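The values are calculated or read from the model by the stated rules, or taken from the named source; none is laboratory data. As the structure is a prediction and not an experimental result, all values here were calculated from the model. Here Cβ is always computed from backbone atoms with ideal geometry, including for glycine, and neighbour counts include all displayed protein chains.
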Amino acid sequence: MKFRIYTFGCKTNQCDSEALRRILINSMEEADDEDAPDIIIVNTCSVTHISERKARTLIRHLMKTYPNARIIVTGCYAERDSKSLEKLGNLIVIGNKEKENIPRLFLSDLKPKILPEDKNKRVRAFVKIQDGCDDFCSYCIVPYVRGSVRSRSINEILDEIKILADLGYPEIVLTGIHIGRFEDKEKRLPDLVKLIYREIPEIKRIRLSSLEPQEVSREAIELFNEIPNLCPHIHLVAQSGSNKVLKDMKRKYTREEYLSLVKAFRSIRDDIEFTTDIIVGFPTEEEDDFIDTLSLIEEVGFVKVHIFPFSPRPGTEAFLLKQIDRRIIKEREERLKESSLNIASDRIKYLIGKDVEILVERYTENVAVGLTPSYLRVYSNTNSPVSVGSFLKVCIEGLEKGKDSIILRGKASI
């Protein structure tokens, strides 16, 4: 039997899919693009109506293309609106709460070890340390589809990372909905990072997936001074640069507190780079509020901004508010995209002529592609073959603007 997994949405969803994959690969073969899978798992997202629409489109395509396949739909969309998905046809719909039990639908003998077979994917492993949210921001469906905040056992996390290290993964990403709220036996996120560094030296890079401003402690900031292999990159969620909009969103920080955090991090390491999420067109966002967001982007100097046009989610408070004209939202989205790319370009120009280290993710025709510790993508020419999962020193020669991010180009240093 062969299986294939499709994933929409956040890194937590990616982590859930990878966990399923690691179990299935023990007993089944992962289908290539040319293969017809017997089992298809679609792990959905419900953050926006667009992500739900994309999932429906894919599911219909899969049902038509692989009429004999068993299709399982899971994830946040399955949790939020299982009845709509069931109407699409002969599907098995399983919400987030039962997602981990999916392999038991077709595997009677589950092996205790979670071991992927293929070597080409041993680059960056996502490790979920926490799930759930209790914030109930006025626009967000996540608390309704992910449940309350809960953390994994610290021993279970360390055991998983040790397995990944033995398999040769050089980088792990600690992920979850609110990793800043991780807590187990009075140990918090800083304690976990220190334990990984001390007990699993085979892991060469530790990366944090995303932090909420209100959850950043002084101990978490100091980690970037204390842990040499903690990547100097922080995805610090902003959503808006306007205090009025932040309040209406029910976010738990102000613009000033956000900027103070950025300053605190950079006082520890001046090479820390920031990425963020921004919602454009929240119902109460006026032009002055949008200008505040543009100025926040400039003041921080984000190297990448993930832009989300406001999407009203049924069941949330903001769903009941009068919506902004979609043409205005689209215009603001384009302005923010152009501005953020220019700011990112200016921010990282200092790297031209300097050497950086990348973790190689792909290598084809004398070009290696990988990420720097600060989460910048580099395309490097190299005269010698390099292995996926290896580290390569690259001299940066220039940069260019991609569709939604900056790309660095260089050549392997001798």
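Select, from GLU338, GLU331, the only residue that is without any contact (Cβ under 8 Å) to a residue 40 or more places away in the chain, surrounded by 14 or more Cβ atoms within 10 Å (Cβ to Cβ) and assigned to a helix (DSSP H, G or I).
Working: GLU338 fails: surrounded by 14 or more Cβ atoms within 10 Å (Cβ to Cβ).
Going through GLU338, GLU331 in turn, just one is without any contact (Cβ under 8 Å) to a residue 40 or more places away in the chain, surrounded by 14 or more Cβ atoms within 10 Å (Cβ to Cβ) and assigned to a helix (DSSP H, G or I): GLU331.
Pairs only if they're at least six apart or on different chains, beta carbon under 7 angstrom, first in region 146-160 and over 22 Å from ILE206 (Cβ atoms), second among the aliphatic types (A, V, I, L, M) and outside any strand (DSSP E or B); list them, first residue then second.
As it stands, the answer is ARG146/ILE177, since those pairs meet every condition given.
Of the residues that make up region 267-279, is at least one surrounded by 20 or more Cβ atoms within 10 Å (Cβ to Cβ), at pLDDT below 95 and either outside the structural domain of LEU320 (by TED's automatic domain parsing) or not in a strand (DSSP E or B) (or both)?
No - not one qualifying residue is present in region 267-279.
Would you mind telling me which numbered condition in (1) surrounded by 17 or more Cβ atoms within 10 Å (Cβ to Cβ); (2) under 22 Å from PRO143 (Cβ atoms); (3) among the polar types (S, T, N, Q) THR293 fails?
Unmet condition: (2).
Results for (1) modelled with pLDDT under 90; (2) of a type outside the set (Gly, Ala, Ser), shown as yes or no for each residue.
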{"residue": "ASP118", "(1), (2)": "yes, yes"}
{"residue": "GLY147", "(1), (2)": "no, no"}
{"residue": "ARG152", "(1), (2)": "no, yes"}
{"residue": "ASP159", "(1), (2)": "no, yes"}
{"residue": "LEU174", "(1), (2)": "no, yes"}
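When region 158-213 is examined, which residues are found to be acidic (Asp, Glu) and within 28 Å of LYS304 (Cα to Cα)?
GLU171, GLU212
Given (1) part of a loop (DSSP other than H, G, I, E, B); (2) free of Cβ contacts under 8 Å to residues at least 60 places away in the same chain; (3) β-branched (Val, Ile, Thr), where does ILE177 come up short, assuming only one miss?
Exception for ILE177: condition (2).
When you scan region 12-24, do you find a residue that is more than 22 Å from LEU164 (Cα to Cα), outside the structural domain of CYS140 (by TED's automatic domain parsing) and of a type in the set (Gly, Ala, Ser), even just one?
Taking region 12-24 and keeping what is more than 22 Å from LEU164 (Cα to Cα), we get none.
Scanning region 12-24 turns up no residue that is more than 22 Å from LEU164 (Cα to Cα), outside the structural domain of CYS140 (by TED's automatic domain parsing) and of a type in the set (Gly, Ala, Ser).
What do you reckon, is ASP81 among the acidic types (Asp, Glu), closer than 29 Å to ILE279 by Cβ and touching a residue at least 40 places away in the same chain (Cβ under 8 Å)?
Values: among the acidic types (Asp, Glu): yes; closer than 29 Å to ILE279 by Cβ: yes; touching a residue at least 40 places away in the same chain (Cβ under 8 Å): no.
No, not satisfied.
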